[in-house]
1. Taking the condition under 30 Å from Pro72 (Cβ atoms), part of a helix (DSSP H, G or I) and free of Cβ contacts under 8 Å to residues at least 12 places away in the same chain, does Arg131 pass?
2. Given (1) open to solvent by 20 Å² or more (accessible area, probe 1.4 Å); (2) touching a residue at least 60 places away in the same chain (Cβ under 8 Å), where does Ala26 come up short, assuming only one miss?
3. Would you call Val162 outside any helix (DSSP H, G or I) and at pLDDT below 70?
4. If you check every pair at least six apart or on different chains, which have Cβ atoms under 8 Å apart with a residue in the range 102-123 that is more than 9 Å from Ala29 (Cα to Cα) and without any contact (Cβ under 8 Å) to a residue 40 or more places away in the chain first and a residue that is open to solvent by 20 Å² or more (accessible area, probe 1.4 Å) and in a helix (DSSP H, G or I) second?
Amino acid sequence: MRVGPGEKLSRRVRCASVGSTTAAVAVAAHGAGGGGLPAGSTLMLLVGFSAVLVAVMAAVPALRRGGPALVPILAVGQLGAHTTLAFGGAHHADMASGPIGGMSPQMLAAHALAIGVCAALIAAAERIGPRTEAALRAVVAALVVAIPVLERPRSWRPVAEVHPLVSALCRVSVSRRGPPLFV
């Protein structure tokens, strides 16, 4: 099955959107659910997790097509992001004894809402992506037509013969003396 440029762009947008929105919205959901803000090392862990999520999306063909597989991958992303944030110490002490893996009901609701927000953002990006690409192609085509082209390329001629300093020093330092001509 041949894939056009619009579908390729849509797949790339989907993979990048899943990774970036999962990380960003997970931090917001974690904070809204009562968790703490992540520190520098926790953010690096979260970026690493997002990169793994994007790699999985790009490697599995069923996930690249979107559709029904989008919500489960977003759910796995939110669960993994929550675990990463909890592992990095972005939990308060009273949240460690939450009912579902350290998640309080507020935290669970915030992450569930994050899944819906991510799905809506990705769906909007998928709709806008091919249209944006078509608009950019039209603008670039119009600019290319508007740029004048020289009919005859200009020839380049050096103004003066320039020798690098190194070659000048090498010419002077190399002895030109050799054996006699008739030996």
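1. Details: under 30 Å from Pro72 (Cβ atoms): yes; part of a helix (DSSP H, G or I): yes; free of Cβ contacts under 8 Å to residues at least 12 places away in the same chain: yes.
Taking the combined requirement at face value, the residue satisfies it.
2. (1)
3. So Val162 fits the description; yes.
4. Gly102/Ala86
The values are calculated or read from the model by the stated rules, or taken from the named source; none is laboratory data. Please read these numbers as outputs of a predicted model, since none were measured by experiment. Glycine also receives a Cβ, built like all others from the backbone with ideal geometry; neighbour counts cover every protein chain displayed. Just the protein is used for accessible areas: all its heavy atoms, side chains included, with ligands, DNA and RNA removed. Shrake-Rupley method; radii C 1.70, N 1.55, O 1.52, S 1.80 Å.
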